[in-house]
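**Student:** Please read through the structure below; I'll follow up with questions.
The values are calculated or read from the model by the stated rules, or taken from the named source; none is laboratory data. Not measured: the values here are computed from a predicted model. Note: ideal-geometry Cβ built from the backbone for every residue, glycine included; neighbour counts use all protein chains shown.
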Amino acid sequence: MITFKRVDHIHIAVAPERLEEARLFYTDIIGLKLIERPNHLFSTKGYWFNIGDIQLHIGVESQLPVSSRHTAFEVTDVDSALDYLKDKVKILPEPEIPGRRRFAFLDPFGNRIELLQLL
């Protein structure tokens, strides 16, 4: 089984040519605080924001077969969750982020879900 703790972040995507417009909207109109994003881990540009006790991640995306849009859930034991799900869903590789152990998967309907454990 998987023991969920909380939603960690929500990732939304915008067209590459509208990324700066999105940054201005979420900072100047919505009032979110821009936070550091580990840009060296990503091949595309984006921004991360604090939104209450979770984060909002904005990335760019063209038409892709698998969307980068996702919701991430913090779990108590990511290795147990991976072991539980590995034969039940398609596991997607994720780049390493310091302080987190994580993986993603697709549900049967094509939605991407990330499970992570803070270290």
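**Student:** Tell me, which strands (runs of 3 or more DSSP E) lie completely within the range 39-104 with 3 or more residues that are out of contact with any Gly (no Cβ under 6 Å at 6 or more places or on another chain), within 24 Å of TYR26 (Cα to Cα) and modelled with pLDDT of 90 or more?
**Tutor:** 46-51, 54-60
**Student:** Test each condition in (1) β-branched (Val, Ile, Thr); (2) assigned to a helix (DSSP H, G or I); (3) under 14 Å from the mean Cα position of the chain (by Cα) for VAL7 and report the one that comes out false.
**Tutor:** Answer for VAL7: the failing condition is (2).
**Student:** Condition check: at pLDDT 85 or above, closer than 25 Å to ASP107 by Cβ and among the polar types (S, T, N, Q). Does THR3 satisfy that?
**Tutor:** Numbers: at pLDDT 85 or above: yes; closer than 25 Å to ASP107 by Cβ: yes; among the polar types (S, T, N, Q): yes.
So THR3 fits the description; yes.
**Student:** Shifting gears a bit: Report whether or not ILE2 is part of a loop (DSSP other than H, G, I, E, B), surrounded by 11 or more Cβ atoms within 10 Å (Cβ to Cβ) and of a type in the set (A, V, I, L, M, F, W, C). Please lay out each step first, then the result.
**Tutor:** On the way: part of a loop (DSSP other than H, G, I, E, B): yes; surrounded by 11 or more Cβ atoms within 10 Å (Cβ to Cβ): yes; of a type in the set (A, V, I, L, M, F, W, C): yes.
The answer is yes for ILE2.
**Student:** Quick test for you: out of PRO38, PRO93, pick the one residue that is exposed (fewer than 13 other Cβ atoms within 10 Å of the Cβ) and closer than 24 Å to THR3 by Cβ.
**Tutor:** Working: PRO38 fails: closer than 24 Å to THR3 by Cβ.
From the options PRO38, PRO93, the qualifying one is PRO93.
**Student:** Additional query: Show the residue pairs that are 6+ apart or on different chains and have beta-carbon atoms under 6 Å apart, the first residue being within the range 24-37 and of a type in the set (Ser, Thr, Tyr), the second being part of a loop (DSSP other than H, G, I, E, B) and surrounded by 11 or more Cβ atoms within 10 Å (Cβ to Cβ).
**Tutor:** That search, which allows pairs on different chains as well, returns TYR26/LEU32.
**Student:** Quick one: in the range 1-58, which of the residues that are aromatic (Phe, Trp, Tyr) and touching a strand residue (DSSP E or B) at 6+ places or on another chain (Cβ under 7 Å) is nearest to GLN117 (Cα to Cα)? Quick ask: steps written out before the conclusion?
**Tutor:** Residues of the range 1-58 aromatic (Phe, Trp, Tyr): 4, 25-26, 42, 47-49.
Cutting the leftovers down to touching a strand residue (DSSP E or B) at 6+ places or on another chain (Cβ under 7 Å) gives us 4, 26, 47-49.
Details: PHE4: 10, TYR26: 27, TYR47: 22, TRP48: 19, PHE49: 20 Å.
Ranking the candidates gives PHE4 first.
**Student:** Collect the residues in the range 10-38 that are part of a loop (DSSP other than H, G, I, E, B) and closer than 12 Å to GLU61 by Cβ, keeping them in residue-number order.
**Tutor:** Step one: of the range 10-38, the residues part of a loop (DSSP other than H, G, I, E, B) are 15, 30-32, 36-38.
Result: ALA15, single match.
**Student:** Looking at the range 41-58 only, could you name the residues that are surrounded by 11 or more Cβ atoms within 10 Å (Cβ to Cβ) and among the small types (Gly, Ala, Ser)?
**Tutor:** Filtering the range 41-58 for residues surrounded by 11 or more Cβ atoms within 10 Å (Cβ to Cβ) gives 41-42, 44-51, 54-58.
Across the range 41-58, the qualifying residue is only GLY46.
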